[in-house]
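As structure tokens, the structure follows; a few thoughts come after it.
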Amino acid sequence: MKNAIFTVILLVISNIFMTFAWYGHLKLQDMKLITSNTPLFFVILLSWGIALAEYSCQVPANRIGFAGNGGPFSLMQLKVLQECITLVIFTIFTVVFFKGESLHWNHFAAFLCLIAAVYFVFMR
């Protein structure tokens with residue numbers, strides 16, 4: 001149980017960093033901290049720096065959580081869990097940081113499908 005909780009916590013932290021690495025530069029541009037004229041290589045290096053923190057949590061989460069290493073999750077369960085966490089974190093990020101974005105009925109329908117995916121992948 002401890003490995004499962006620790007795995008989920010690391011996946012949440014990892015996905016927070018991942019979301020900022022992938023989409024944070026758009027918010028920085030929106031805040032005028034960087035511009036559309038900022039060299040792409042600089043933005044890539046910034047994202048890679050953030051992604052290093054993401055991988056520093058993602059890799060241990062997968063090693064600790066994987067059943068082949070004594071963890072509680074199969075590889076498929078780890079992947080579906082990670083994808084669901086990614087979408088929850090991304091949704092929160094989008095609603096909080098990008099005020100112009102909004103959720104619609106089809107987003108909630110997709111979330112229900114993801115919940116079903118989690119149910120089916122964990123079903124014995």
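A compact table of results
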quantity: Failed criterion for GLU83 (all others in (1) touching a Leu at 6+ places or on another chain (Cβ under 9 Å); (2) touching a residue at least 60 places away in the same chain (Cβ under 8 Å) hold); calculated: (2)
quantity: Any hit, region 51-61, residues being among the charged types (D, E, K, R), crowded, with 17+ Cβ neighbours inside 10 Å and within 25 Å of LEU114 (Cα to Cα); calculated: yes
quantity: Counted residues, region 90-109 - those being open to solvent by 50 Å² or more (accessible area, probe 1.4 Å) and either part of a helix (DSSP H, G or I) or of a type in the set (Asp, Glu) (or both); calculated: 10
quantity: Residue among LEU28, LEU87 that is surrounded by fewer than 19 Cβ atoms within 10 Å (Cβ to Cβ) and over 30 Å from MET123 (Cα atoms); calculated: LEU28
quantity: Check on LEU81, within 27 Å of HIS25 (Cα to Cα), not aromatic (Phe, Trp, Tyr) and not in a helix (DSSP H, G or I); calculated: no
quantity: Lone unmet requirement of (1) at pLDDT 90 or above; (2) open to solvent by 60 Å² or more (accessible area, probe 1.4 Å); (3) not in a helix (DSSP H, G or I) for ASN37; calculated: (1)
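The values are calculated or read from the model by the stated rules, or taken from the named source; none is laboratory data. Every value quoted in this text rests on a predicted model; they were computed, and no experiment measured them. Cβ coordinates were reconstructed from backbone atoms using ideal geometry, including for glycine residues, and neighbour counts include every protein chain displayed. Each accessible area value is taken on the protein alone, full model and side chains, heavy atoms only, with ligands, DNA and RNA left out. Shrake-Rupley method; radii C 1.70, N 1.55, O 1.52, S 1.80 Å.
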